[in-house]
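Colleague: Attaching a single structure in structure tokens format; questions to follow.
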Amino acid sequence: MKSFSILFLIGLGLTAQAQSVTDTQQQTLLGQGRVIVGLGTGFGYAGYIGNSYHVAPRIQYFLKDGWSVALDARYDANDGSQTEFWGAGLSTRYYFLRGQRFALFGQAGAMYGRTKYYTDYAGSNPQQFVSPQFANTFQTHAGLGIHYRLGKRWSLEGLAERTLSNSGRPSLDASLWRTSIGVNFRIR
């Protein structure tokens, strides 16, 4: 029984040490004071409205371990309706489940930008538009994502988010849900 107790305590000590190594590895990316630059891109199919895509660069600063704020930019486009959005804003992320390589996060943010859209057609072909219209647009978004640590500085991520807009124009892709994949690099 005494041997079993000693082995149990040694095993418990090794387990605790392994847990702290895991935290340290993930902290190299998600720790307080870290700065990460990233680029996300996505593509969607929207049936009769056409395909949509978006590109979203950002710079992210960690206020606390696992909690960050970011300066985001975004370009959204739809090849069917020829609708486009350019904007910039702020977002926040919280990494609520962090493992050795994977982390799950929630994200919320707001953007202000400009939407270009068309309300008229040239001739019988609905793909020929005459004059663009512009509207100032306020967008909010919230979503869930997964982060995969590749090394000390590099990571990949996947994100699914819901976007809402106040411009009064139809959504860029007929669905307000968007998915994207991205790559990140820690600069500090």
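Colleague: Which pairs do you get when a residue that is free of Cβ contacts under 8 Å to residues at least 60 places away in the same chain, found in the stretch 34-45, comes within reach of a residue that is part of a strand (DSSP E or B) and surrounded by 15 or more Cβ atoms within 10 Å (Cβ to Cβ), reach meaning Cβ atoms under 6 angstrom, with the pair 6+ apart or on two chains?
Modeller: Matching pairs, first to second residue: 43/53.
Colleague: How many residues are at pLDDT 90 or above, surrounded by 15 or more Cβ atoms within 10 Å (Cβ to Cβ) and of a type in the set (A, V, I, L, M, F, W, C) when one looks only at the stretch 26-36?
Modeller: 1
Colleague: Taking the residues in the stretch 45-78 that are over 27 Å from residue 99 (Cβ atoms) and among the aliphatic types (A, V, I, L, M) as candidates, determine which candidate is modelled with the lowest pLDDT.
Modeller: 46
Colleague: Right, something else. Modelled with pLDDT of 95 or more, surrounded by fewer than 19 Cβ atoms within 10 Å (Cβ to Cβ) and of a type in the set (Val, Ile, Thr), is that true of residue 21?
Modeller: Taking the combined requirement at face value, the residue does not satisfy it.
The values are calculated or read from the model by the stated rules, or taken from the named source; none is laboratory data. A quick note: this is a predicted structure, and the numbers were derived from the prediction, not measured. Every residue, glycine among them, receives a Cβ derived from its backbone with ideal geometry; neighbour counts consider all protein chains shown.
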